[in-house]
Structures are given as structure tokens and as C-alpha cells.
1. Give me the residue from the range 121-141 that is under 18 Å from the mean Cα position of the chain (by Cα) and open to solvent by 20 Å² or more (accessible area, probe 1.4 Å) and, out of that set, farthest from THR69 (Cα to Cα).
2. Does TRP66 satisfy being surrounded by 14 or more Cβ atoms within 10 Å (Cβ to Cβ), touching a Leu at 6+ places or on another chain (Cβ under 6 Å), modelled with pLDDT of 85 or more and not aliphatic (A, V, I, L, M)?
3. When you look at PHE78, is it without any contact (Cβ under 8 Å) to a residue 24 or more places away in the chain, open to solvent by 30 Å² or more (accessible area, probe 1.4 Å) and in contact with a helix residue (DSSP H, G or I) (Cβ under 6 Å, 6 or more places away or on another chain), yes or no?
4. Taking the conditions exactly as written (open to solvent by 80 Å² or more (accessible area, probe 1.4 Å), more than 21 Å from SER129 (Cβ to Cβ) and at pLDDT below 85), does SER60 satisfy them or not?
Amino acid sequence: MLFDVASSINQDRAYSLKFRFDQEEQLLQHAGERLVFGWGRFGRNRIHLETWEGLAGDASVTDGRWIITLGQFGLIGFIAEFGLFSAPVFFALRALRKAASFRDAVLLAGLSLLTAVNVVELLPNSTLSPWSWLLVGTLLGASEAYAAKVRQRQPQAAPAAELPAMAELTGPVAFPDMPDRSRDRGTHIPVRPRNRPVG
């Protein structure tokens, strides 16, 4: 479908897009052989074919950051990296519902939009830069700051009454569920004498 849409616009761009999809399909099949932790670095995530000289030649063209991360570090690395990029957007959405002012809401919405666009842009291209990490860190810090403001505005429960220290006790401590034994102090209970031996 995307190829047909691109063909109606520009034939050269359409064949370039098809070549990219074909490459990513081959790399995805290669990554599926070690799907959990990936192939690691040093080009092992790429596809190598034997040349006419009998040497292994690199036959892969990697454009998208997602296929590079999936091939090198598997599902664990893919979830760790792209989850770190995506999680602050959801944190900001939760903080946006409790924004104190329109200015705070606009700031969070703008940072969330920039971060989301940057994450989507990493799918077809490998343009990971310090700017991406700066956006993610700024959005996460702003979300946590606004969430802390909301917690401060909420009324806090009164602290529970503490028990008096042992040095301050001048009498017995009475608890609500303790039965009242004060009336039993003056009651004399007769003691039956023991039988003495005779003789």
C-alpha cells in the first residue's frame, strides 16, 4: 500500500522505499535467530554473503534505528531503549491531567509532542543524538516536578498519636480494647488453707 502511494508521487522514491522494506525484512529474519538478546556488536547483526573472492561481504543496508537495536540487543534491548523514550510521554499524560495552570499544560504538551515525533522518526531513520536524550530527560523531569506539586497541594493526614515514653509513665497505660480492672483491686479473694499433716 505504501509502495503504491509512493509510486503515484515519485517512482524513484517508491523503489527506494521498497528496497528499504526488503532489507529490513531480511534483517528481521536474521534477528529472529537470536531474538531475546540479539547478535551483539561488530556487525554480527548484519547479513554477510560470500563474494567472488571467497570473502564475506556485507550485504545489508540499515536505516531504521529500530532494526539496528533489535538486531544488536534483541527484544530486551529494544524494549529498554524505546521504552525509555516512550515512557515519559505516558508520565506526562498523567501529569497533564493535573496541571495547575494553562502554562504548565502547554509546556508538557509541547515537550510530549516533540518527544513522540522524535520516537516515531527513529523508526525509519537512525538519527539518535544527544538532543533526543535531552528531550526525554526534560519531559521526565517536568512531569515529576508537576506531580510533586500536586502531592504538596493535597491535604496530608494527621500523624498518628505516639505512645508516651517509658520515663513519662506515672501509671498504667490504658488502651481502648483493654478491660477495666480498676474495680477488682479492693476485692479480697479468700485463699483456702492447705491441709496440714496430723501427728
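The values are calculated or read from the model by the stated rules, or taken from the named source; none is laboratory data. Source: prediction; values computed, not measured. Cβ coordinates were reconstructed from backbone atoms using ideal geometry, including for glycine residues, and neighbour counts include every protein chain displayed. For accessibility, only protein heavy atoms count, side chains too; no ligands or nucleic acids. Shrake-Rupley method; radii C 1.70, N 1.55, O 1.52, S 1.80 Å.
1. Just the residues of the range 121-141 that are under 18 Å from the mean Cα position of the chain (by Cα), to begin with: 132-141.
Those left that are additionally open to solvent by 20 Å² or more (accessible area, probe 1.4 Å): 133-134, 137-138, 140-141.
Numbers: TRP133: 16, LEU134: 20, GLY137: 20, THR138: 23, LEU140: 23, GLY141: 26 Å.
Per the stated criteria, the residue is GLY141.
2. Numbers: surrounded by 14 or more Cβ atoms within 10 Å (Cβ to Cβ): yes; touching a Leu at 6+ places or on another chain (Cβ under 6 Å): yes; modelled with pLDDT of 85 or more: yes; not aliphatic (A, V, I, L, M): yes.
Here the answer is yes, as TRP66 does meet what is asked.
3. On the way: without any contact (Cβ under 8 Å) to a residue 24 or more places away in the chain: yes; open to solvent by 30 Å² or more (accessible area, probe 1.4 Å): yes; in contact with a helix residue (DSSP H, G or I) (Cβ under 6 Å, 6 or more places away or on another chain): yes.
In short, yes.
4. Details: open to solvent by 80 Å² or more (accessible area, probe 1.4 Å): no; more than 21 Å from SER129 (Cβ to Cβ): yes; at pLDDT below 85: yes.
Judged against the criteria, SER60 is not a match.
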